[in-house]
């Protein structure tokens, strides 16, 4: 019985024309082979599974082929067959991860001096070349600079920044791009058709997205997802790979966006008990949030990553609140950085979802409380603007009768809605552009109230770690100064406001004894209340 060959090996391209998604490279290499202008050293760089090693092997056969066809190797001549069967002594494929010492490169350099035994050229393919030691790079440098005419070096790496500049300057560099999902999906459908698989279009789209630009990874995932009867549908892919479906991720977002913690925990628990990967779940949730942001800004559906249903994402993006989206992105991003280090992924995931739900409830309460708080303001202004025309007390009574409803609204509102809304709006306008998104969010949730020329800011307990940073306080002081306040006073919500410190001028210039001290006290009280007092210094 023949041994099963993995799909990514079975369907590895044998000519340049079969390489998908790298036309800018294959055209150049074919032209060089056709015209006989091949270089002595090439450097292929790019992410995994994009075709670096595949193109290196095709190029090795093409330069040694006895009858090349349009720049492609014929794959039937003795030279091509020998290379395909790994029996050609003149073609060496070296793994630099395990042969990275200076002695290994010295042996290669000494061997390169000899002419090829059977082929036109002696070809060296060095994979993961960035793993070579400094001494090995130095040993290779001279050979790359002045190689024998019969030698061809093809270097491949995924981390180009680790390759010395002296090596880069002696090679023709080709950057392999991530392969677009639609190209990967088309290739998967072609392979499935040749293999006799029934590949569903939605399953192909999901596999292409999970491949993340790597053709090899996507083909390997397809190999894992094939059922016994040869069918590959969306449910089969999610079950085989342990990833949540798009519908599950969408339902999880909708539960969080509605502030329904019980529903969010139910969906999360089902995924956990079904063996879904928690990192993959939150990674897809972050992709959904990213797509919603993208649609709100650009409206272009061709850049979507998270779902095969652009209309559903567009509908969610239209209904979403921008501030909540920003907060959700911060929560999920912070969780994903912790999940790689924690042993209690389930608990961390649950706490993240509950935190997102609580923030939604706070934001919803703030939105409902603010109109009720701001409603009496126009009435007071209207009453104050008419005392000259109607000085009778009856005209001034309506604002006083409507004043009591303020107290229930004020006590029922969450801490995030406290303070003077006009003062808060002016301060946020001055500070928002100069602070981070996290600080901006916590400032929106804070209470702000002026007293004695000082702006008092009452923040949530969890935000104090941000607010106590000297750099943040300096920015807030400058914003307060632009609004006319001499200083700021930051405290935790629920704690008693500390006594106001006397102004520096008061310490240096104490009030004189006698009647002038009473006058100074009256002037200080008037300034604290915002009354503009002009003094006549003629006396």
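The values are calculated or read from the model by the stated rules, or taken from the named source; none is laboratory data. Remember, it's a predicted structure, so these values are computed and weren't measured experimentally. Quick reminder, even Gly has a Cβ in these numbers, built from the backbone with ideal geometry, and neighbours come from all protein chains shown.
Evaluate the following for residue 143: is it closer than 30 Å to residue 211 by Cβ and surrounded by 14 or more Cβ atoms within 10 Å (Cβ to Cβ)?
Details: closer than 30 Å to residue 211 by Cβ: no; surrounded by 14 or more Cβ atoms within 10 Å (Cβ to Cβ): yes.
No.
Looking across the range 165-197, the residues that are free of Cβ contacts under 8 Å to residues at least 40 places away in the same chain and outside any helix (DSSP H, G or I) come down to 169, 196, 197.
Yes/no matrix, rows are residues, columns are (1) surrounded by fewer than 18 Cβ atoms within 10 Å (Cβ to Cβ); (2) more than 27 Å from residue 217 (Cα to Cα):
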{"position": "234", "(1), (2)": "no, no"}
{"position": "244", "(1), (2)": "no, no"}
{"position": "270", "(1), (2)": "yes, yes"}
{"position": "274", "(1), (2)": "yes, no"}
{"position": "321", "(1), (2)": "yes, yes"}
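Suppose the filter is closer than 22 Å to residue 359 by Cα and buried (at least 20 other Cβ atoms within 10 Å of the Cβ); does residue 219 pass it?
Working: closer than 22 Å to residue 359 by Cα: no; buried (at least 20 other Cβ atoms within 10 Å of the Cβ): yes.
No, not satisfied.
Would you please name the residue that is surrounded by the most Cβ atoms within 10 Å (Cβ to Cβ), looking only at residues in the range 81-100 that are in a helix (DSSP H, G or I) and within 45 Å of the chain's Cα centre (by Cα)? Don't jump to the end; show me each part of the working.
Keep residues of the range 81-100 that are in a helix (DSSP H, G or I), which gives 81-84.
Next, from what is left, pick out any that are within 45 Å of the chain's Cα centre (by Cα): 83-84.
Numbers: 83: 24, 84: 15.
Across the range 81-100, the extreme among qualifying residues is 83.
Here is a check on your reading of the model: is residue 305 surrounded by fewer than 16 Cβ atoms within 10 Å (Cβ to Cβ) and under 24 Å from residue 46 (Cβ atoms)? Here the answer is yes, as residue 305 does meet what is asked.
Counting the residues of the range 255-265 that are farther than 18 Å from residue 325 by Cβ and touching a helix residue (DSSP H, G or I) at 6+ places or on another chain (Cβ under 8 Å) gives 3. Could you please give the count of residues in the range 126-162 that are part of a strand (DSSP E or B) and under 39 Å from the mean Cα position of the chain (by Cα)? Total satisfying the criteria: 7.
So which helices (runs of 4 or more DSSP H) stay within the range 1-67 end to end and still have 3 or more residues that are in contact with a strand residue (DSSP E or B) (Cβ under 8 Å, 6 or more places away or on another chain) and more than 26 Å from residue 226 (Cα to Cα)? Qualifying helices (runs of 4 or more DSSP H): 23-35, 52-64. Assuming residue 268 fulfils every condition listed in (1) outside the structural domain of residue 320 (by TED's automatic domain parsing); (2) under 25 Å from residue 317 (Cβ atoms); (3) assigned to a helix (DSSP H, G or I) apart from one, which condition is it? Among (1) outside the structural domain of residue 320 (by TED's automatic domain parsing); (2) under 25 Å from residue 317 (Cβ atoms); (3) assigned to a helix (DSSP H, G or I), the lone unmet condition for residue 268 is (1). Cβ-Cβ contacts under 7 Å between residues 6 or more apart (or on different chains), taken from a first residue in the range 262-282 that is in contact (Cβ under 8 Å) with a residue 40 or more places away in the chain to a second residue that is in a loop (DSSP other than H, G, I, E, B), are listed as 281/244.
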